[in-house]
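Worksheet: one structure, shown below.
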Amino acid sequence: MSAINWPGVWAIFHHEMTRFFRTVMQSLLSPVLSTVLYFVVFGAAIGGRIQSVEGVAYGAFIVPGLMMLTILQQSVSNASFGIYFPKFSGTIYEYLVSPVGWIEVTLGFVGAAAMKAVLIALVILLTSFFFVGVHILYPFWMLAFLVLTATGFSLLGFIIGLWAKSFEQLQIVPMMVITPLVFLGGAFYSSDMLPPFWEAVAKLNPVLYLVSGFRWSFFGLADVPVGVSLVAVSLMILACCLAIRWIFATGWRLRE
């Protein structure tokens with residue numbers, strides 16, 4: 001196996017991050033406004049009826065869920081658009097004939113998408129301090145889950161961008177799959193609050209394991225064992241990497 005072309009990785013990463021910082025206010029303003037609305041609706045309206053969940057004030061309880069919702073949406077959308085636009089404009093052939101392989105291209109695009117998502121999620125966390133008191137019990141694991149989840153869903157978004165044939169298709173998975181899974185994955189409630197049957201159904205949702213592990217890093221509370229959450233996100237990253245390797249090896253959807 002040849003050595004990784006790190007200058008090539010940096011060139012792609014730098015190009016994507018430059019595009020992000022050109023519209024940084026637009027990129028950050030929308031998530032911040034959405035967070036404020038979530039706190040007004042869920043924190044004030046629902047929080048007035050649900051004072052606490054497992055000893056944690058409801059306003060603070062939903063912070064990890066809000067961050068996870070942002071991470072999943074931003075990771076998928078940034079990575080999918082990042083690789084789809086070269087396909088749309090025809091410049092993807094420059095990547096295919098340049099001295100970079102699938103690893104460098106993936107690291108550049110996925111690394112930039114994950115970095116954008118993590119930055120926005122941290123802004124969401126800072127915004128939450130103006131509304132509720134949030135104490136992070138395990139800061140290291142909070143960052144670890146943040147980075148792993150952003151990486152996993154950026155890889156998924158990268159695959160979606162390679163698969164999509166139109167801008168409309170880029171929105172199908174984030175809108176019709178990712179967002180519903182987050183809302184049904186315990187982002188704003190604990191699965192222990194559900195009846196036994198629906199609790200079992202909820203545990204079939206892979207997003208539940210990500211939200212659970214991330215919330216554990218804040219409050220020490222988890223719907224599923226933390227080790228299972230780490231295994232789930234690790235398996236997702238591995239599966240996505242294998243899929244991307246196959247796509248570049250076969251040329252599927254790359255030259256269409």
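The values are calculated or read from the model by the stated rules, or taken from the named source; none is laboratory data. Remember, predicted model here, so these are calculated numbers, not experimental data. Heads up, the Cβs are rebuilt from the backbone with ideal geometry, glycines too, and the neighbour counts pull from every protein chain shown.
Hey, does the stretch 141-162 have a residue that's out of contact with any helix residue (DSSP H, G or I) (no Cβ under 7 Å at 6 or more places or on another chain) and either of a type outside the set (A, V, I, L, M) or closer than 16 Å to C240 by Cβ (or both)? No, that holds for no residue. Scan the stretch 120-134 residue by residue and report those that are closer than 15 Å to S34 by Cβ and touching a residue at least 40 places away in the same chain (Cβ under 8 Å). Across the stretch 120-134, the qualifying residues are I120, A121, V123, I124, L125, T127, S128, F131.
For E104, the stated conditions do not hold, so it cannot be described as of a type in the set (D, E), part of a helix (DSSP H, G or I) and free of Cβ contacts under 8 Å to residues at least 24 places away in the same chain. Which is surrounded by fewer than 16 Cβ atoms within 10 Å (Cβ to Cβ), in a helix (DSSP H, G or I) and in contact (Cβ under 8 Å) with a residue 60 or more places away in the chain, of S234, S217, S229? Being surrounded by fewer than 16 Cβ atoms within 10 Å (Cβ to Cβ), in a helix (DSSP H, G or I) and in contact (Cβ under 8 Å) with a residue 60 or more places away in the chain holds for just one of S234, S217, S229, which is S234. Count of the stretch 15-67 residues, restricted to those that are of a type in the set (D, E) and either closer than 17 Å to F214 by Cβ or at pLDDT below 75 (or both), is 1. Looking across the stretch 1-14 at every residue that is exposed (fewer than 15 other Cβ atoms within 10 Å of the Cβ) and not in a helix (DSSP H, G or I), the one that is modelled with the lowest pLDDT is identified as M1. With respect to (1) more than 20 Å from M17 (Cα to Cα); (2) part of a helix (DSSP H, G or I), the lone exception for V110 is condition (1). Determine if the stretch 240-247 includes at least one residue that is surrounded by fewer than 14 Cβ atoms within 10 Å (Cβ to Cβ) and on the phi < 0 side of the Ramachandran plot. Checked the stretch 240-247: at least one residue is surrounded by fewer than 14 Cβ atoms within 10 Å (Cβ to Cβ) and on the phi < 0 side of the Ramachandran plot. Residues that are assigned to a helix (DSSP H, G or I) and within 14 Å of H15 (Cα to Cα) do not occur anywhere in the stretch 62-76. Among the residues of the stretch 239-256, those that are within 18 Å of I160 (Cβ to Cβ) and part of a helix (DSSP H, G or I) comprise A239, C240, C241, L242, A243, I244, R245, W246, I247, F248, T250.
State whether the residues of the stretch 93-101 include one that is touching a Phe, Trp or Tyr at 6+ places or on another chain (Cβ under 7 Å) and outside any helix (DSSP H, G or I). The answer is no; no qualifying residue exists.
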